[in-house]
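Below you'll find the structure, written out as structure tokens, and then a few comments.
The values are calculated or read from the model by the stated rules, or taken from the named source; none is laboratory data. Being a predicted model, the structure only gives us computed values, none of them experimental. Glycine gets a Cβ as well: all are built from the backbone with ideal geometry, and neighbour counts include every protein chain shown.
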């Protein structure tokens, strides 16, 4: 009898998950298959036992400046004739005893004929800077058919930068 109870107990537990809790609702696999789909502007990819969910037309890069030097870690090529809004959030932190930081919120309209990109009017930028880092800067520019983001460090400081960008294209 104990052997029969043991077998029933062992087979009553599923070998695969039966539900997946999300931010809004719970998904139940059908025939052990769960579809992971992106909504508007969301891309999903699967490989092995990993599912990656990403925001389309976006990216994050990190860079570092030591002293008053520039770094251009972001370069996005525009392949087809179009116009779009380029939004970049830039933060920089000294990560030392000085505990200083800067942040920039940059918006720019970029158009391309498929060969050459141009900025429509000019960029709009909201700077947030500790006084000792007021010489720091971040800007959007175009080079050829690409959009670039360049950061400028400050003499005497090592700044760790994180840049997040999104580009919405027509």
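Restricting segment 67-97 to residues that are at negative phi, exposed (fewer than 14 other Cβ atoms within 10 Å of the Cβ) and modelled with pLDDT of 95 or more, which is farthest from the chain's Cα centre (by Cα)?
68
Does residue 157 satisfy the criteria of being within 21 Å of the chain's Cα centre (by Cα), touching a residue at least 60 places away in the same chain (Cβ under 8 Å) and more than 24 Å from residue 57 (Cβ to Cβ)?
no
Do you know which of the residues in segment 36-66 that are part of a loop (DSSP other than H, G, I, E, B) and in contact with a strand residue (DSSP E or B) (Cβ under 8 Å, 6 or more places away or on another chain) is surrounded by the most Cβ atoms within 10 Å (Cβ to Cβ)?
Only one residue fits best here, namely 57.
Do we have residue 74 as part of a strand (DSSP E or B) and either free of Cβ contacts under 8 Å to residues at least 12 places away in the same chain or out of contact with any strand residue (DSSP E or B) (no Cβ under 8 Å at 6 or more places or on another chain) (or both) here?
Spelling it out, it is not the case that residue 74 is part of a strand (DSSP E or B) and either free of Cβ contacts under 8 Å to residues at least 12 places away in the same chain or out of contact with any strand residue (DSSP E or B) (no Cβ under 8 Å at 6 or more places or on another chain) (or both).
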